[in-house]
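J.: My questions will all concern the structure given below.
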Amino acid sequence: QVKPQDIDGLNHTNNTVYVKWCERVAWAHSVALGLDLDVYRQLDRAMAITHSEYHYLQASREGDEIIAATWIVEWDGKLSMRRHFQIVRVSDQTTVLRASVRFVCIQISSGKPRRLPAEFIAGYGPAVIAN
């Protein structure tokens, strides 16, 4: 639900709030696939954002109930993946945001790109949905 602190000077949800919602739903999806922050740290690997596009289609306002979803649409099985996001206002089923985010696997300790570990392939790979 859109909270008072989510509202900006234009009296609608601030764009940075949508980005945070997308981050939260992406993490929830990763955790559901068995890939939480502890696993990332144990493997010294993470999926880091390299490119993002957010399309703000409609405004949401204080009190609006929203639903946020994500799914993986591209997966090379070696280094990168892309997620799509959709945020819908429940009251009228209007899509208020669509987004696309590309991730690359990095070594946490160095920040450098690295091949996907077997655990990422086993977790993320079966979750890919054709675009």
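J.: Say R0 is 35 Å: what FRET efficiency, to the nearest 0.05, do Arg102 and Lys3 get from their beta-carbon distance?
T.: The pair Arg102/Lys3 has a calculated efficiency of 0.75.
J.: Let me ask something else about it. Only sites in a loop by DSSP and with at most 14 other Cβ atoms within 10 Å count here; which GluC sites (Glu not before Pro) in the range 62-122 make the cut?
T.: Glu62, Glu65
J.: Let me ask something else about it. Quick check: from the Cα gyration tensor, does the range 13-58 come out rounded (a/c under 1.5), prolate or oblate?
T.: prolate
J.: Using modelled amide H (1.01 Å from N, peptide plane; none on Pro or chain starts), what sits under 5 Å from the amide H of Ser60, excluding residues fewer than 5 places away?
T.: Answer set, sorted by chain and number: Thr13.
J.: Distance from a point 7 Å along Cα→Cβ of Leu79 to each backbone N in the range 38-63: keep the residues under 18 Å and list them by number.
T.: 45-52
J.: How far is helix 15-32 tilted off the main Cα axis of the chain, in degrees rounded to 10, range 0 to 90?
T.: Tilt of helix 15-32: around 40 degrees.
J.: Here's a follow-up. Could you check how much of the accessible area of the range 21-131 is carbon and sulfur, as a whole percent, using a 1.4 Å probe?
T.: Using a 1.4 Å probe with all protein chains present, the range 21-131 comes out at 52 percent carbon and sulfur.
J.: Relative contact order for the range 1-112 using alpha-carbon pairs under 8 Å, separation at least 6, rounded to a whole percent?
T.: Result for the range 1-112 is 30 percent.
J.: So how much slack lies between Glu62 and Thr16, counting 0.36 nm per residue of separation and subtracting their Cα-Cα distance, in nm?
T.: 15.1 nm
J.: Another question, if that's okay. Per the helix-only calculation at 222 nm, which mean residue ellipticity applies to the chain, given -39500 (n - 2.57) for every DSSP H run of n ≥ 4 and division by its residues, nearest 500 deg cm²/dmol?
T.: Mean residue ellipticity, 222 nm, calculated: -7500 deg cm²/dmol.
J.: If you place +1 on the Cβ of every Lys and Arg, -1 on the Cβ of every Asp and Glu, and leave all else neutral, what size is the dipole of the chain about its Cα centre, to the nearest 20 Debye?
T.: Once rounded to the nearest 20, the dipole reads 480 debye.
J.: Need one value: the accessible area of Thr16 in square angstrom, 1.4 angstrom probe, rounded to the nearest 10.
T.: 70
The values are calculated or read from the model by the stated rules, or taken from the named source; none is laboratory data. These numbers come from a predicted model, not from an experiment. When we count neighbours, we look across all protein chains shown, and the Cβ atoms used for this are built from the backbone with ideal geometry, even at glycine. SASA here: full protein model, heavy atoms, side chains in, ligands and nucleic acids out. Shrake-Rupley method; radii C 1.70, N 1.55, O 1.52, S 1.80 Å.
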